1. When you go through Gly218, Gly194 one by one, which is the residue that is more than 18 Å from Ala254 (Cα to Cα), assigned to a loop (DSSP other than H, G, I, E, B) and out of contact with any Cys (no Cβ under 7 Å at 6 or more places or on another chain)?
2. Which fully enclosed strands (runs of 3 or more DSSP E) of the stretch 311-359 have 2 or more residues being of a type in the set (Ser, Thr, Tyr) and surrounded by 20 or more Cβ atoms within 10 Å (Cβ to Cβ)?
3. Does Thr201 satisfy being within 23 Å of the chain's Cα centre (by Cα), assigned to a helix (DSSP H, G or I) and surrounded by fewer than 18 Cβ atoms within 10 Å (Cβ to Cβ)?
4. Taking only the stretch 153-184 into account, find how many residues are surrounded by 13 or more Cβ atoms within 10 Å (Cβ to Cβ) and of a type in the set (D, E, K, R).
5. Does Leu182 meet the test of being touching a residue at least 12 places away in the same chain (Cβ under 8 Å), within 30 Å of Asp302 (Cβ to Cβ) and out of contact with any His (no Cβ under 7 Å at 6 or more places or on another chain)?
6. May I ask you to list the residues in the stretch 269-311 that are in contact with a Pro (Cβ under 8 Å, 6 or more places away or on another chain), aliphatic (A, V, I, L, M) and under 20 Å from Tyr187 (Cβ atoms)?
7. Return the only residue of Arg38, Arg8, Arg99 being without any contact (Cβ under 8 Å) to a residue 40 or more places away in the chain and farther than 25 Å from Trp200 by Cα.
8. Would you confirm, using the coordinates I've provided, whether Ala266 is assigned by TED's automatic domain parsing to the domain that holds Leu176, touching a Pro at 6+ places or on another chain (Cβ under 6 Å) and outside any loop (DSSP other than H, G, I, E, B)?
Amino acid sequence: MIIRKIRRDELKRCAQLSALAFEFPMHGAKQTPEAFVREKTENPRSLEDVHWDSRWAAFEDDDATMMATFCVLPWRANFDGHEVVMGGIGGVASLPQYRRGGAIRCCFEAALPDMYAQGMTLSYLYAFSNAFYRKFGYELACDGTRWRLRLEGLPAAEVGGSWRLLEPERPMLEALRAVDALRERRYNCMVIAGDTEYLWTREDPFTARDYTYVYFDGAGRPSAYVTLQAQPGRELTCKRFVFNDREGFLGLAALLRRFAADHSHATMTLPGDVDLRGLLPEFSFGNVERTTAQLGMARVIDVEKALRLARMRGEGCLRVGVSDGQIHQNNGVFEVRFTPGTANSVRRTDGAADVSVNIQDFSRLILGCCDAADPAWLPSVTLNCPPERAAQVFYRKPGFITQYF
């Protein structure tokens, strides 16, 4: 088996594997391999098109027969207030006759050290199997809350702002960026959107049937936006539902109420720390349904860098022992010293670890998905210090992600 990044003339074959694996029609199926890649590079529609050469693939020993593939996209993401590079794993696909043969495993064994060498701090993926990706150091990460709200039960408060439909000739990019910016700085793993992430605004809503409305408050400032898609059964799906304050939510709620003649409910996924109970007038009588939405798996690529950038509580020192079966640079004991207002100091040490953990649980802890008071739910964690001391480094933080790849 040969593992390497793809060549230009192999991009179409990667697309064919993805179409087969995910069972969707393939755009450009009749194009030549050169025409296929030329369209992607000359008219990119996504970060995947821009970084087409970020794909890894497994080949038979002839170095020509592709067995499996996936891409590692360099997303810019937030981690404790710092912009870092997060390797987004996408398009994991194998031809059926090669599945369970170790092709994807071999690709990960090559890609993970390469991500470290490229200076990435985190990696993220959406798993078909949590157990499978735990083998490569990934662990459950961001949670959200999926809300299903009856439109007639939404707040009926008058709002002083207005709504504008986003259309190709009126993309309102600066308004979208202004609304997104606050969320991007608050949540770990949130992708920091660049021009590529707003390519969706070029789509004609009357063709795609996705309608985006931006809410401007009484002072004319963009405060929220929503992308609506009608579903069977009088349901509305809010593909995007973004607000940063009370008025923004009330503005979107007032807009949704205007659809009540044709639709009964709207569904949206919000960060887990957003609690609508104080904003909704009635929870009984079927007005509100909510469930937890698990939003993928994360992995720390560079332990030392993550400790250096992490936001600590107070002043102190903690020695963290990490075991990583894929990236050998992450193995060892790291001593981190921290003082408010100064950068963390991190060095390797031969001293005993205050906290010992594998890379999966280290990733959950440092991202804030859990804290040092939760060792019973983290099978690899050994605490050799008081939990309060470990909790200066490992504590709950808000995390959320909306970008799929």
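The values are calculated or read from the model by the stated rules, or taken from the named source; none is laboratory data. Remember, predicted model here, so these are calculated numbers, not experimental data. Backbone-built Cβ (ideal geometry, glycine too); neighbour counts: all protein chains shown.
1. Gly194
2. Where strands (runs of 3 or more DSSP E) fall fully within the stretch 311-359, none carries at least 2 residues being of a type in the set (Ser, Thr, Tyr) and surrounded by 20 or more Cβ atoms within 10 Å (Cβ to Cβ).
3. So Thr201 fits the description; yes.
4. 6
5. Against the criterion (touching a residue at least 12 places away in the same chain (Cβ under 8 Å), within 30 Å of Asp302 (Cβ to Cβ) and out of contact with any His (no Cβ under 7 Å at 6 or more places or on another chain)), Leu182 qualifies.
6. Result: Leu279, single match.
7. On inspection, the qualifying residue turns out to be Arg99.
8. Against the criterion (assigned by TED's automatic domain parsing to the domain that holds Leu176, touching a Pro at 6+ places or on another chain (Cβ under 6 Å) and outside any loop (DSSP other than H, G, I, E, B)), Ala266 does not qualify.
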